[in-house]
Number of protein chains: 2
Amino acid sequence: MSLATDSTHALVVDLGVRARAASRGMARARTAAKNDALLALAAMIRAQADDLRAANVHDVDAARAAGLDAAFMDRLMLSDKVIAQMAQSCEQVAALPDPIGEMTDLRRRPSGITVGRMRVPLGVFGMIYESRPNVTIEAASLAIKSGNAVILRGGSEAIHSNRALAALVALALVEADLPPDAVQLVSTTDRAAVGALITMPQYVDVIIPRGGKSLIERISAEARVPVIKHLDGNCHVYVDAEVDLEMAVAVTDNAKTQRYSPCNAAESLLVAGASAAGFLPRIGAVFAHKHVEMRCCPQSRALLQAVPGAAALLRDATEEDWSTEYLAPIISVKIVQDVDEAIAHVNRYGSQHTDTILTTNHAHAMRFLREVDSATVMVNASTRFSDGFEFGLGAEIGISTDKFHARGPVGLEGLTSQKWMVLGEGEIRN
Amino acid sequence: MSLATDSTHALVVDLGVRARAASRGMARARTAAKNDALLALAAMIRAQADDLRAANVHDVDAARAAGLDAAFMDRLMLSDKVIAQMAQSCEQVAALPDPIGEMTDLRRRPSGITVGRMRVPLGVFGMIYESRPNVTIEAASLAIKSGNAVILRGGSEAIHSNRALAALVALALVEADLPPDAVQLVSTTDRAAVGALITMPQYVDVIIPRGGKSLIERISAEARVPVIKHLDGNCHVYVDAEVDLEMAVAVTDNAKTQRYSPCNAAESLLVAGASAAGFLPRIGAVFAHKHVEMRCCPQSRALLQAVPGAAALLRDATEEDWSTEYLAPIISVKIVQDVDEAIAHVNRYGSQHTDTILTTNHAHAMRFLREVDSATVMVNASTRFSDGFEFGLGAEIGISTDKFHARGPVGLEGLTSQKWMVLGEGEIRN
């Protein structure tokens, strides 16, 4: 190891030791204290908006000088709107119920003991993210409310913004009499810090990466602690043989075109043979109007060929298309025989994110719900609803495409665990 | 890789492919079919008891020839009692409610969609265990009921017994019209099979090892899939300053001496200073009578010195004793100032398994419950109750000392996941 890496490693271990100690204080913090910290943070973000913008200018200027593109600059910028949203989100998290200490499932057992569960924080989580500095506040506010400590590792291009935001978080924690080490930022931009953060199970209980697929795959492969990870969103819309065509067109259009870049946008359209002649020309006209490229199986291509304006947007689908998350005005289109073939196709090519069936047939709806092995399965609704806020979680730290621990949109509950509690009156075991 | 290892790897991959395929059929299996398989298996175990004993004799003879000890032989032996228990346990699992398909938390959202959760199988799990062949039936029956497929890797010393048992499981699955590949045994005793099994996330969703600490540590370090692991049970009894001494003696005695080898037996006794003079001589007399060695802090040793028969059993505790799981008639004893010091001691030296407070003070009980960071925390009950059957899970596949996914005793629910379900009527997102 180089000297630089050595000192980075020592720095991250120090953050880990402090986080572990702070997590004890956070675990027993009163709800009122946690909410006080969140409201103080919201007030400080508003009051210090000028200073936050000044820190952000350093990052923005450096990124511009480095020739980073407009989309990147947009994510990096702490605009007035983003600053207002950060303050609001702290207030929203303060208004959520406190999950910690919740006791459930208490039952008296034949032995006389009462057994139940108590919800507790996970402990310490590490958040690894890219250019958006507002993630610093999102992760900090969810850590505070859920009684966890967090170590934040944001993108090096946002380091000045993140330092300014983390300083406010520390002040807010102190103001509420909570340990300031509950939220710490990795202050170095040395890449070795990530390697250290994901390999110290004694200090970090779980890693939540947000970013591109290659970043998340690398972290998952190298981590020695659990990772709440979100890879592709290759979401499917299946239009069944029995369906309200009007509704199917509206939902398919919404799922694909309402926004192209989110992970819950549809990427693949499956149509039951019996509905193809009625449905495909109608959705094809919508896609043609919106310039959505269609990568088709031979039969669907034949049905779409005559749609005005569509011909130029049609391509033959390759095997690879069925597995592809485009995040763009492109959709793959395939005619399937029935709900069986649809379920088999989704389970084979999908990414276990979100898939929806559009149908009027109850038995088909129930089979799709039960048998499609994805984090979220829908009936007659747009895949775009797959989101922590739309689901009523009140917050979202990420989306998990794993089955273990947290699945689908992850809110405060995903940052907690349940321990067993036993209440007795001196019972002994025979 | 040697040729042997190459062929073992290919064999395990083949098991994985078959298990993944069978898991689809198991996930949609009806409850009645799963119960039919379990009842058929119970009947076959009873009907084929002679053949099972004959297969077991091969293993027992080989183990005896290899000079393995009596405890090992005891675990390996398929006695009439063990055979009867295996059959009964299949019937008990059949009688449990089916967790799969359970829909919970359904709520209407402002958008109009109804959001809820559906319980589903994890998919495929790998079970790695040592000499007890009855684990083959326990794991198979829990896999069947929870709609999972399982790949079993038992100890090589039990290979003939395990093959005979696995053959019955396959027959029972076929009789119930379920895929026989849902329960497969690794038929080779090549150690490379374990390495293959724990590193194929495409086929195996979770690994459950049962065995010694070194086995579990090695599997955890090398696995590329989640591991439901159980390391030490360094369980504490804390006798508070305000306590019913009679009850405290009975519970402490039970926690330590009812059985010495289980992981939920107490290994460390903490006593509040105010209770020490009243409590220690009484429990010391019990331990002296049962020949339990006491590894003491200086103050507790002074109080125990005069107890008749105790002096020869007293030792000075070293720093290492506070972290040690003895699984033997030995206990560490320490006087602490108050509940604060007790909680800090348990969180520092404990193994996050099971810890109990004995107290009449409600505030102390609640603080201990909330702040001790263990899988199971008790008030006025023996640590020996920390068990899936005592908790009412109806079955236990293992105990987890992790916080992620399953914590504490793991029953059928630990072999499941919850996916999100959305029921709509054509809603689209604005």
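Residues in segment A:360-395 that are in contact with a Phe, Trp or Tyr (Cβ under 8 Å, 6 or more places away or on another chain) and aliphatic (A, V, I, L, M): A:ALA375, A:VAL377, A:MET378, A:VAL379, A:ALA395. Just one residue in the set B:ALA63, B:ALA71 is modelled with pLDDT of 95 or more and of a type in the set (Gly, Ala, Ser); that residue is B:ALA63.
Being part of a helix (DSSP H, G or I), of a type in the set (Gly, Ala, Ser) and either crowded, with 21+ Cβ neighbours inside 10 Å or touching a Pro at 6+ places or on another chain (Cβ under 7 Å) (or both) is true for just one of A:ALA71, A:ALA87, A:ALA63, A:ALA42. Which residue is that?
Numbers: A:ALA71 fails: either crowded, with 21+ Cβ neighbours inside 10 Å or touching a Pro at 6+ places or on another chain (Cβ under 7 Å) (or both); A:ALA87 fails: either crowded, with 21+ Cβ neighbours inside 10 Å or touching a Pro at 6+ places or on another chain (Cβ under 7 Å) (or both); A:ALA63 fails: either crowded, with 21+ Cβ neighbours inside 10 Å or touching a Pro at 6+ places or on another chain (Cβ under 7 Å) (or both).
Going through A:ALA71, A:ALA87, A:ALA63, A:ALA42 in turn, the sole match is A:ALA42.
Residue pairs whose Cβ atoms lie under 8 Å apart, separated by 6 or more positions or on different chains, with the first residue in segment B:354-375 and more than 9 Å from every other protein chain (Cβ to nearest Cβ) and closer than 12 Å to A:MET118 by Cβ and the second of a type in the set (S, T, N, Q) and part of a loop (DSSP other than H, G, I, E, B), are B:PHE368/B:THR359. Residue count for segment A:353-374, restricted to those that are in a strand (DSSP E or B) and either surrounded by fewer than 19 Cβ atoms within 10 Å (Cβ to Cβ) or among the polar types (S, T, N, Q) (or both): 2. Of A:SER161, A:SER156, A:SER131, all but one fail to be under 24 Å from A:ARG53 (Cα atoms), modelled with pLDDT under 95 and buried (at least 22 other Cβ atoms within 10 Å of the Cβ); the exception is A:SER131.
Return yes when B:ARG282 is within 25 Å of B:PHE368 (Cα to Cα), away from chain A (no Cβ under 14 Å) and in contact with a Ser or Thr (Cβ under 6 Å, 6 or more places away or on another chain) and no when it is not. When the stated conditions are applied, B:ARG282 does not pass them. From the list B:ARG224, B:ARG218, the one residue that fits, being more than 30 Å from B:VAL271 (Cα to Cα), modelled with pLDDT under 95 and either β-branched (Val, Ile, Thr) or not in a loop (DSSP other than H, G, I, E, B) (or both), is B:ARG218.
Which count do you get for residues in segment B:289-302 that are surrounded by fewer than 20 Cβ atoms within 10 Å (Cβ to Cβ) and touching a residue at least 24 places away in the same chain (Cβ under 8 Å)?
Taking segment B:289-302 first, the residues surrounded by fewer than 20 Cβ atoms within 10 Å (Cβ to Cβ) are B:289-291, B:293, B:297-299, B:302.
Of the ones still in play, those that are also touching a residue at least 24 places away in the same chain (Cβ under 8 Å) are B:290-291, B:293, B:297, B:299.
Of the residues in segment B:289-302, 5 are surrounded by fewer than 20 Cβ atoms within 10 Å (Cβ to Cβ) and touching a residue at least 24 places away in the same chain (Cβ under 8 Å).
Looking only at residues in segment A:314-352 that are of a type in the set (A, V, I, L, M) and part of a strand (DSSP E or B), the one that is nearest to B:TYR203 (Cα to Cα) is A:VAL336. Going through (1) acidic (Asp, Glu); (2) more than 9 Å from every other protein chain (Cβ to nearest Cβ); (3) within 30 Å of A:THR354 (Cα to Cα) one by one, B:GLU341 falls short only on (3).
Within segment B:135-148, can one find any residue that is buried (at least 20 other Cβ atoms within 10 Å of the Cβ), away from every other protein chain (no Cβ under 14 Å) and more than 19 Å from B:SER23 (Cα to Cα)? There is at least one residue in segment B:135-148 that is buried (at least 20 other Cβ atoms within 10 Å of the Cβ), away from every other protein chain (no Cβ under 14 Å) and more than 19 Å from B:SER23 (Cα to Cα). If you go through segment A:243-261 and keep only what is in contact with a helix residue (DSSP H, G or I) (Cβ under 8 Å, 6 or more places away or on another chain) and buried (at least 16 other Cβ atoms within 10 Å of the Cβ), you end up with A:VAL243, A:ALA248, A:VAL249, A:THR252, A:ASP253, A:ASN254, A:ALA255, A:LYS256, A:THR257, A:GLN258. When we screen B:ASP373, B:ASP338, B:ASP402 for residues that are acidic (Asp, Glu) and either more than 19 Å from the chain's Cα centre (by Cα) or modelled with pLDDT of 95 or more (or both), the only hit is B:ASP338.
When you scan segment A:377-397, how many residues do you find that are at the interface with chain B (Cβ under 7 Å from one of its Cβ atoms) and either on the phi > 0 side of the Ramachandran plot or free of Cβ contacts under 8 Å to residues at least 40 places away in the same chain (or both)?
Applying the first criterion (at the interface with chain B (Cβ under 7 Å from one of its Cβ atoms)) to segment A:377-397 yields A:377-382, A:384-385, A:390-392.
Pick out the ones that are also either on the phi > 0 side of the Ramachandran plot or free of Cβ contacts under 8 Å to residues at least 40 places away in the same chain (or both) and you get A:377-380, A:390-392.
Adding up the residues that qualify gives 7.
Pairs linking a residue in segment B:270-281 that is in contact (Cβ under 8 Å) with a residue 12 or more places away in the chain to a residue that is of a type in the set (Phe, Trp, Tyr), with Cβ atoms under 7 Å and 6 or more positions apart or on different chains, are B:LEU270/B:TYR238; B:VAL271/B:PHE279.
When restricted to residues that are over 19 Å from A:THR324 (Cβ atoms), touching a strand residue (DSSP E or B) at 6+ places or on another chain (Cβ under 8 Å) and of a type in the set (D, E, K, R), segment A:342-372 contains 1.
The single condition from (1) of a type outside the set (Phe, Trp, Tyr); (2) touching a helix residue (DSSP H, G or I) at 6+ places or on another chain (Cβ under 9 Å); (3) over 21 Å from A:ALA241 (Cβ atoms); (4) within 10 Å of chain B (Cβ to nearest Cβ) that A:ASN347 fails is (3). When A:ARG429 is tested against (1) in contact with a Lys or Arg (Cβ under 8 Å, 6 or more places away or on another chain); (2) surrounded by 21 or more Cβ atoms within 10 Å (Cβ to Cβ); (3) over 18 Å from B:GLY116 (Cβ atoms), exactly one condition is not met: (2). Residues of segment B:195-233 that are under 25 Å from B:ARG20 (Cβ atoms) and of a type in the set (Ser, Thr, Tyr): B:THR199, B:TYR203, B:SER220.
Within the bounds of segment A:303-313, is there any residue that is assigned to a helix (DSSP H, G or I), buried (at least 18 other Cβ atoms within 10 Å of the Cβ), within 14 Å of another protein chain (Cβ to nearest Cβ) and out of contact with any Gly (no Cβ under 6 Å at 6 or more places or on another chain)? Scanning segment A:303-313 turns up no residue that is assigned to a helix (DSSP H, G or I), buried (at least 18 other Cβ atoms within 10 Å of the Cβ), within 14 Å of another protein chain (Cβ to nearest Cβ) and out of contact with any Gly (no Cβ under 6 Å at 6 or more places or on another chain). Consider segment B:1-45 and keep the residues that are small (Gly, Ala, Ser), out of contact with any strand residue (DSSP E or B) (no Cβ under 6 Å at 6 or more places or on another chain) and within 14 Å of chain A (Cβ to nearest Cβ). The one that is farthest from B:PRO97 (Cα to Cα) is B:ALA21.
Report whether or not B:ALA328 is surrounded by 22 or more Cβ atoms within 10 Å (Cβ to Cβ) and either out of contact with any helix residue (DSSP H, G or I) (no Cβ under 7 Å at 6 or more places or on another chain) or more than 26 Å from B:VAL227 (Cβ to Cβ) (or both).
Numbers: surrounded by 22 or more Cβ atoms within 10 Å (Cβ to Cβ): no; either out of contact with any helix residue (DSSP H, G or I) (no Cβ under 7 Å at 6 or more places or on another chain) or more than 26 Å from B:VAL227 (Cβ to Cβ) (or both): yes.
Considered against the rule, which asks whether it is surrounded by 22 or more Cβ atoms within 10 Å (Cβ to Cβ) and either out of contact with any helix residue (DSSP H, G or I) (no Cβ under 7 Å at 6 or more places or on another chain) or more than 26 Å from B:VAL227 (Cβ to Cβ) (or both), B:ALA328 comes out as no.
Number of residues in segment A:413-430 that are part of a strand (DSSP E or B) and at the interface with another protein chain (Cβ under 7 Å from one of its Cβ atoms): the value is 11.
Taking into account only those residues within segment A:398-412 that are in contact with a Pro (Cβ under 6 Å, 6 or more places away or on another chain) and more than 8 Å from chain B (Cβ to nearest Cβ), which is farthest from B:ASP355 (Cα to Cα)? Checking each candidate, the answer is A:ILE399. Within segment B:250-286, the set of residues being closer than 18 Å to B:ASN361 by Cβ and either outside any helix (DSSP H, G or I) or of a type outside the set (Gly, Ala, Ser) (or both) comprises B:VAL251, B:THR252, B:LEU270, B:VAL271, B:ALA272, B:PHE279.
The values are calculated or read from the model by the stated rules, or taken from the named source; none is laboratory data. Just so you know, these numbers come straight off a predicted model, no measurement behind them. A quick note on method: Cβ atoms are made from the backbone with ideal geometry, for glycine too, and the neighbour counts reach across all protein chains shown.
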